[in-house]
Amino acid sequence: MGAGIAEVLARGGLAVVGIEVNQDALERGRGHLENSTGRAVKRGRLTEDAQREILGRVALSTDFADLGDCDLVIEAVPERLDLKRKVFAELDRVCRDDAVLATNTSSLPVTDIAVSTGRPTKIVGVHFFNPAPVMKLVEVIATVLTEPDAVTRVADLVRSLGKTPVTIGDRAGFVANRLLFGYLNQAASMLESGHATRDDIDTAMKTGAGLPMGPFTLMDLIGLDTCLEVLDAIYAESRDRRHAASPLLRELVTAGLLGRKSGRGFYTYDKSAAESAAEAAAGPAPVVGVVGVGPLADAIAALCDRAGAELRDSAAGLAGCELIIEAAEDAEAGRALLSAAAQAAAPDAVLAVTSADGPVIGQAMATGRPAGTVGLHLPDPAGTLAEVAATVATAPEAADRAADLLGRLGLTVVRCRDRAGFIVDALRFPYLNDAAAMLGAGYADADSIDAAMTLGCGYPTGPIADLDRLGLDRAVTVLNALHTETRDPALAPVPLLTEHVTAARPLR
Ligand SMILES: NC(=O)c1ccc[n+]([C@@H]2O[C@H](COP(=O)([O-])OP(=O)(O)OC[C@H]3O[C@@H](n4cnc5c(N)ncnc54)[C@H](O)[C@@H]3O)[C@@H](O)[C@H]2O)c1
């Protein structure tokens, strides 16, 4: 991170002094700088002259005294409070009295570092994201002791470097990590509970929620040890179950399975293993029955049209359908419609419930043929992901058949147990609820929260925008279903959401 931050500053035209512990580490840092700027030259994004100028602005040293003239010092040593305090004591000694001292910590309280110096008013957090030269977000953290001028100067500097500063108070995880890690940890718990497989959860969040990668791919990339450290640090402050690290994550770390860097984490990274391509469902497009009218029924009609599948929606036509999808607008209507359709359906037809807010087992029982009934959820009706839930009464062959038939409609199918929210909604709405909680608590404003997730984590859209787009009433419905099922207080919709639903006003 130190080399990346030095590069950002030097690219911004500033003179930089880079300090390392010894000559070897200094050479490693120089290598990072040369490689990173060298890649930019190769890609035609930087001229060789500009690279030379950038490198010429960075003086490398192992002597802290060389920081004596700096206006700002950014610390990026390993994430240990004792080490950071030692480094800040040294900085306090060698730096000018008016110099601002900043820490790039991801999860340690900035205040704990500030109070160990003789200049707590001049201590700020500047949290760059990895890789620093690429990621646009910088969280600027002010403690209760930081003087406003120091914060403004750092935020202005960040802006002048072409980055977006988000200025916030000193809470563990700040904005981005606090929101991201609650979600990642929940995904680990979901895997541990056997709700769905690693691959299905990753696929669901990529394909169904539009994220750049699934949670297990991301945790392996970050490093499971880092994930655990960040979660422990956030939990120490929040005491929120969402941040209580999943035992599975802790076990993997203890076993030395740290993700990509150690060759194995949630996935195994074996260069010799051939990439196994997902098998596309083979076979003719099925004959599909739809009962109910509304947007979902329309979306299924469009889907059948694209796949060249025959769609039937009359009672007489249902007898020849391989898959009958209930697409009613509410659960009561859905129950009645599917029960009636079950009478007309062929014995081996699969029935799919879509209208239940929580688990689908009640509706499956009402059909009189629960062994042939599954839950179905299309997180984005215009998208390509189908989530199939098997209840305890679903025959395994019926779940397999549902997955096969939906695959033959051109959908990517993931499977899970019969729990509220399937996979995508069960993971995304609690994360969105956390973001609404942060907004409601006044910790950060809507723009800052959205910027943190888009610019810091590469999400296509921010959580506040997501809530308004997906619908606050839907968020409250899903969260209530999750809360009813688990009784986990962290899953109950926060007051800001219910208040906006009652007032029929979006968050923005
Ligand atoms: N890696 C990330 O993705 C990431 C992202 C944001 C913030 N951070 C934070 O940035 C900081 C550094 O993380 P990293 O991943 O770059 O760690 P790292 O271990 O890769 O690098 C730390 C560097 O600090 C040097 N160092 C150790 N003691 C020193 C001392 N006394 N004086 C000068 N240099 C010293 C080490 O030689 C090493 O080169 C941590 O606080 C971390 O939480 C990391």
- Query: If you plug each phi of segment 321-329 into the Karplus form 6.51 cos²θ - 1.76 cosθ + 1.60 with θ = phi - 60°, what whole-Hz ³J(HN,Hα) values come out, in order, with x for Gly and Pro?
  - Reply: 8, 8, 9, 10, 9, 7, 10, 7, 7
- Toward the positive end of the charge dipole of the chain, about the Cα centre and with charges on Cβ (Lys, Arg +1; Asp, Glu -1), which of Thr164, Val424, Ala481 goes farthest? Thr164
- Note on the structure: With x for Gly and Pro, the residue-by-residue ³J(HN,Hα) of segment 372-378, computed from phi through the Karplus equation 6.51 cos²θ - 1.76 cosθ + 1.60 at θ = phi - 60° and given in whole Hz, is x, 10, 10, x, 9, 9, 10
- Value of Rg/Rh across segment 2-169 [Cα atoms, Kirkwood radius]: 0.95
- Message: Defining a contact as two alpha carbons under 8 Å apart and six or more residues distant in sequence, what relative contact order in percent does the chain show?
- Response: 10
- Cα centroid separation - segment 12-89 against segment 464-493, whole Å: 45
- Query: Which is the longest run of the chain containing none of the GluC sites (Glu not before Pro) found in DSSP loop states (not H, G, I, E, B) with at most 10 other C-beta atoms within 10 Å?
  - Reply: 1-274
- At q = 0.12, 0.20 Å⁻¹, what log₁₀ I(q)/I(0) does a Debye calculation on the Cα points of segment 288-409 give, no solvent, two decimals? -0.34, -1.08
- Accessible surface of segment 288-409 [probe 1.4 Å, protein heavy atoms]: carbon and sulfur percent: 57
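Give me the percent of DSSP beta bridges within the chain that run antiparallel, rounded to the nearest 5.
In the chain, approximately 20 percent of DSSP beta bridges are antiparallel ones.
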- In segment 70-112, which trypsin sites (Lys or Arg not before Pro) fall in coil by DSSP and have 14 or fewer other Cβ atoms within 10 Å? Arg80, Arg96
- Give, as a single signed number, the net charge of other residues whose beta carbon lies under 15 Å from the beta carbon of Asp348, with Lys and Arg counted +1 and Asp and Glu -1. -2
- When ligands, DNA and RNA are left out and all protein chains stay put, how many square angstrom of accessible area per residue does segment 206-330 have with a 1.4 Å probe? 52
- Note on the structure: With x for Gly and Pro, the residue-by-residue ³J(HN,Hα) of segment 163-178, computed from phi through the Karplus equation 6.51 cos²θ - 1.76 cosθ + 1.60 at θ = phi - 60° and given in whole Hz, is 9, 9, x, 10, 9, 9, x, 8, 10, 3, x, 6, 8, 5, 5, 5
- Taking H placed 1.01 Å from N in the peptide plane, check which residues at least 5 places from Ile74 or on another chain put their amide H under 5 Å from its amide H. Ala102
- State the Cα centre-to-centre distance between segment 218-275 and segment 416-430 in whole Å. 22
- Message: With every protein chain kept in place and ligands, DNA and RNA left out, what is the accessible area per residue of segment 136-204? Probe 1.4 Å, answer in Å².
- Response: 34
- Task: For Thr47, Thr461, give the ranking by accessible area with the largest first, probe 1.4 Å.
- Result: Thr47, Thr461
- How about Lys122: which aspartates and glutamates have a C-alpha closer than 12 Å to its C-alpha, ignoring those fewer than 8 places off in the same chain? Asp71, Asp92, Asp97, Asp98, Glu147, Asp149
- Pairs of alpha carbons in segment 380-508 whose separation is greater than 20 Å (percent): 52
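The values are calculated or read from the model by the stated rules, or taken from the named source; none is laboratory data. Everything numeric in this text was worked out from a predicted model, so none of it was measured. Backbone-built Cβ (ideal geometry, glycine too); neighbour counts: all protein chains shown. Areas reflect the complete protein model, heavy atoms only, side chains present, ligands, DNA and RNA absent. Shrake-Rupley method; radii C 1.70, N 1.55, O 1.52, S 1.80 Å.
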